[in-house]
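Remarks on the structure that follows.
The values are calculated or read from the model by the stated rules, or taken from the named source; none is laboratory data. Because the structure is predicted, anything quoted here is derived from the model rather than measured. Quick reminder, even Gly has a Cβ in these numbers, built from the backbone with ideal geometry, and neighbours come from all protein chains shown.
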Amino acid sequence: MKEERIVLDTNCLLQILPRKSGYNHIWADILAGNIRLCVCNDMIMEYTEILTNHVSWEVADNVITVILHLPGTIFVHNYYKWNAITSDPDDNKFVDCAFAAQAKFLVSNDSHFNEVKRTRIPDIEIIRLDEYDNLKKSP
């Protein structure tokens with residue numbers, strides 16, 4: 001079975017982290033190496049900024065440290081900029097990372113990513129967190 005590579009928008013990362021979250025099993029699968037999280041430097045910077053706004057600095061630092069040191073984390077450099085999202089260009093880093101990493105899914109609940117669905121970026125499937133969760137639960 002081919003490894004599953006995903007890119008997580010920051011809003012979804014926030015939702016999978018709490019132990020009481022119904023989505024926490026996705027974080028557990030990332031930690032176990034069953035899902036390979038794809039990231040770039042700009043994403044790590046955003047993760048850090050947003051996590052720090054929602055949890056303590058120590059928790060944010062621990063999450064980022066884990067992501068950076070997981071053997072399954074795939075680090076990419078976005079050499080090509082698709083500029084697929086015009087309504088919120090800051091979200092393009094996730095699209096570019098998904099393309100560069102050849103991720104199977106870009107998981108986001110942000111409606112800005114619907115713009116990507118109308119482009120011809122090859123092999124990037126934009127999926128909401130609940131849809132991804134249902135895929136993970138189905139046999």
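Overview of results
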{"quantity": "Subset of segment 74-123 (residues that are surrounded by fewer than 13 Cβ atoms within 10 Å (Cβ to Cβ), assigned to a loop (DSSP other than H, G, I, E, B) and on the phi < 0 side of the Ramachandran plot)", "calculated": "77, 79, 80, 81, 86, 87, 88, 118, 120, 122"}
{"quantity": "Scan of segment 17-39 for residues that are in contact (Cβ under 8 Å) with a residue 60 or more places away in the chain and within 12 Å of residue 67 (Cβ to Cβ), ordered by number", "calculated": "38"}
{"quantity": "For residue 27: the one exception among (1) surrounded by fewer than 17 Cβ atoms within 10 Å (Cβ to Cβ); (2) modelled with pLDDT of 95 or more; (3) of a type in the set (A, V, I, L, M, F, W, C)", "calculated": "(1)"}
{"quantity": "Test: residue in segment 95-104 that is within 16 Å of residue 126 (Cα to Cα), at pLDDT below 95 and of a type in the set (Phe, Trp, Tyr)", "calculated": "yes"}
{"quantity": "Qualifying positions in segment 30-58 - closer than 17 Å to residue 106 by Cβ and of a type in the set (D, E, K, R)", "calculated": "36, 42, 46"}
{"quantity": "Matching entry among 51, 37 (being surrounded by 13 or more Cβ atoms within 10 Å (Cβ to Cβ), modelled with pLDDT of 95 or more and touching a strand residue (DSSP E or B) at 6+ places or on another chain (Cβ under 8 Å))", "calculated": "37"}
{"quantity": "Hey, residue 8 in contact (Cβ under 8 Å) with a residue 24 or more places away in the chain, within 11 Å of the chain's Cα centre (by Cα) and within 19 Å of residue 134 (Cβ to Cβ) or not", "calculated": "yes"}
{"quantity": "Lone qualifier among 31, 68 - being closer than 26 Å to residue 137 by Cβ, among the hydrophobic types (A, V, I, L, M, F, W, C) and either outside any loop (DSSP other than H, G, I, E, B) or within 11 Å of the chain's Cα centre (by Cα) (or both)", "calculated": "31"}
{"quantity": "Candidates 43, 1, filtered to the one that is in contact with a Lys or Arg (Cβ under 8 Å, 6 or more places away or on another chain) and either under 25 Å from residue 134 (Cβ atoms) or modelled with pLDDT of 95 or more (or both)", "calculated": "43"}
